[in-house]
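The values are calculated or read from the model by the stated rules, or taken from the named source; none is laboratory data. Bear in mind that the values here come from a model prediction, so they are computed numbers and not experimental data. Cβ placement follows ideal geometry from the backbone for every residue including glycine, while neighbour counts extend to all protein chains displayed. These accessible areas exclude ligands, DNA and RNA; they are computed on the full protein's heavy atoms, side chains included. Shrake-Rupley method; radii C 1.70, N 1.55, O 1.52, S 1.80 Å.
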Amino acid sequence: MNERDGGEGQRKRMRAIWSKYFVKHVEGRVQQGILQSDIQSKADRTPVTVADYGSQVLISLVLKKELPSHSFSMVAEEDSEDLRKDDAQQILEHITSLVNETIANDDSYNMSLSKEDVLAALDGGKSEGGPSGRHWILDPIDGTKGFIRGDQYAVALGLLDEGKVVLGVLGCPNLPSKSTNKHNGSSSGDQVGSLYFATIGCGAKVQALEGSEPQKITICSVNNPVDASFFESLEHSKRDLTSSIAEKLGVQAPPVRMDSQAKYAALAQGDGAIYLRFSGKGYKERVWDHAAGSIIVTEAGGMVKDASGNDLDFSKGRYLDRDRGIIATNRYLMPMVLKAVQEAIDEEQ
Ligand SMILES: Nc1ncnc2c1ncn2[C@@H]1O[C@H](COP(=O)(O)OS(=O)(=O)O)[C@@H](OP(=O)(O)O)[C@H]1O
Ligand SMILES: [Mg+2]
Ligand SMILES: [Mg+2]
Ligand SMILES: [Mg+2]
């Protein structure tokens with residue numbers, strides 16, 4: 001994964017396992033045939049599916065198998081609490097069989113998990129993270145609503161080292177690799193389904209999920225906001241605020257609304273110029289919704305800041321310390337966007 005973890009051979013193997021396991025077998029298959037019985041509602045009323053759980057189980061197992069010398073700490077979105085309830089036995093059985101089928105469909109590992117193993121693997125993601133040591137940060141399916149709809153979603157893994165994100169991987173099975181159609185997030189002719197990855201100081205790259213030579217990606221160099229387009233969330237964006245920011249900047253293009261950290265990936269490969277993330281008041285952003293995406297953007301030459309112009313602080317535990325919005329763009333546009341953000345926020349109050 002980085003030089004200390006065994007070099008390019010192991011990195012290639014990890015990327016191959018990633019695309020086979022997490023992205024093609026589990027989610028690809030599950031997304032196409034998802035049933036209402038595969039979806040649960042969490043305490044915060046957001047959905048979680050058998051694929052979210054299966055992805056988290058497989059990723060934690062593979063990291064432990066491939067990197068046995070690491071002390072293992074993972075900050076992950078899902079846990080076993082709801083699956084331990086009496087009425088969840090059927091869904092737990094389904095997750096266990098999906099995970100076992102995925103392992104059996106491939107010759108990388110010879111193992112079979114029990115329901116207890118699945119529950120224990122999920123609870124391996126309960127770390128609090130923090131400023132010291134190394135912690136994996138996992139969103140097993142980011143954009144679950146998009147996943148259920150058949151739209152954009154991402155499998156997002158980051159590595160935190162002494163409070164800083166040093167590595168990020170985003171699997172985006174439904175994202176065209178280049179030149180996204182600005183209006184609906186898809187285009188004909190482009191290859192769809194990519195793995196984006198970045199290591200600190202080494203740039204950001206993309207390769208096809210089917211396997212291809214990794215290519216360097218760079219953020220777009222638009223320096224006049226009139227020529228810029230912006231991404232925002234499909235469901236959780238404060239649209240009155242983002243449209244006021246866009247108007248102040250003179251942005252002409254309509255917003256591109258997309259689920260998940262696929263927005264960071266699309267930005268990093270130059271498909272648009274700005275990502276504005278302003279959620280409802282009081283919502284605290286989770287580290288797993290930004291760790292992988294933010295390093296991919298910064299390593300592609302971009303910047304990711306909060307509404308006050310500060311870097312995101314991933315060292316505070318499972319939540320980001322800010323609740324006032326996140327902006328990702330290139331270094332030319334960032335000062336102008338931050339100014340427009342401040343004005344729009346002041347007017348709102
Ligand atoms: N109220 C509220 N405000 C802001 N963000 C929220 C909110 N509720 C949930 N979430 C988190 O948003 C993650 C999905 O982000 P997206 O950019 O895909 O948002 S959206 O669903 O398209 O609006 C989504 O990630 P996943 O749970 O991994 O899908 C949530 O963690
Ligand atoms: Mg969720
Ligand atoms: Mg998420
Ligand atoms: Mg998720």
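Values computed for the structure shown
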{"item": "Every residue from region 194-210 that is among the small types (Gly, Ala, Ser) and at pLDDT 95 or above", "result": "Ala198, Gly201, Gly203, Ala204"}
{"item": "Every residue from region 132-152 that is of a type in the set (S, T, N, Q) and either assigned to a helix (DSSP H, G or I) or closer than 16 Å to Gln261 by Cα (or both)", "result": "Thr144, Gln152"}
{"item": "Residue count, region 104-148 (criterion: within 13 Å of ligand 4 (Cβ to nearest atom), open to solvent by 20 Å² or more (accessible area, probe 1.4 Å) and among the charged types (D, E, K, R))", "result": "1"}
{"item": "Some residue of region 228-238 being within 20 Å of Val337 (Cα to Cα), more than 16 Å from ligand 3 (Cβ to nearest atom), aliphatic (A, V, I, L, M) and touching a His at 6+ places or on another chain (Cβ under 9 Å)", "result": "no"}
{"item": "Single match in Leu241, Leu312, Leu209, Leu276 (criterion: over 21 Å from the mean Cα position of the chain (by Cα), more than 16 Å from ligand 2 (Cβ to nearest atom) and of a type in the set (A, V, I, L, M))", "result": "Leu241"}
{"item": "Region 297-337, residues that are over 23 Å from Gly158 (Cβ atoms) and crowded, with 19+ Cβ neighbours inside 10 Å", "result": "Leu333, Val337"}
{"item": "Lone unmet requirement of (1) surrounded by 23 or more Cβ atoms within 10 Å (Cβ to Cβ); (2) within 16 Å of ligand 4 (Cβ to nearest atom) for Ile217", "result": "(2)"}
{"item": "Any chance Lys339 is modelled with pLDDT of 95 or more and under 24 Å from Ser132 (Cβ atoms)", "result": "no"}
{"item": "Condition check for Arg13: at pLDDT below 95 and either acidic (Asp, Glu) or open to solvent by 40 Å² or more (accessible area, probe 1.4 Å) (or both)", "result": "yes"}
{"item": "Selection status of Gln269, under 21 Å from Gly146 (Cα atoms) and surrounded by 14 or more Cβ atoms within 10 Å (Cβ to Cβ)", "result": "yes"}
{"item": "Selected residue (only one of Asp82, Asp107, Asp161 is in contact with a strand residue (DSSP E or B) (Cβ under 7 Å, 6 or more places away or on another chain), without any contact (Cβ under 8 Å) to a residue 40 or more places away in the chain and more than 13 Å from Ser55 (Cβ to Cβ))", "result": "Asp161"}
{"item": "Options Ser97, Ser112; residue that is of a type in the set (Gly, Ala, Ser), out of contact with any Lys or Arg (no Cβ under 8 Å at 6 or more places or on another chain) and outside any helix (DSSP H, G or I)", "result": "Ser112"}
{"item": "Test: residue in region 245-262 that is open to solvent by 50 Å² or more (accessible area, probe 1.4 Å) and in contact with a Leu (Cβ under 8 Å, 6 or more places away or on another chain)", "result": "yes"}
{"item": "Helices (runs of 4 or more DSSP H) enclosed by region 244-349 - at least 2 residues per element that are out of contact with any Phe, Trp or Tyr (no Cβ under 6 Å at 6 or more places or on another chain) and of a type outside the set (A, V, I, L, M, F, W, C)", "result": "291-299, 334-348"}
{"item": "Subset of region 35-49 (residues that are within 15 Å of ligand 2 (Cβ to nearest atom), of a type in the set (A, V, I, L, M), at pLDDT below 95 and surrounded by 10 or more Cβ atoms within 10 Å (Cβ to Cβ))", "result": "Ile39"}
{"item": "Residues of region 68-93 that turn out to be open to solvent by less than 50 Å² (accessible area, probe 1.4 Å), among the small types (Gly, Ala, Ser) and more than 16 Å from ligand 3 (Cβ to nearest atom), as a count", "result": "3"}
{"item": "Index of the failed condition, Lys284 passing every other in (1) surrounded by fewer than 17 Cβ atoms within 10 Å (Cβ to Cβ); (2) more than 16 Å from ligand 4 (Cβ to nearest atom)", "result": "(2)"}
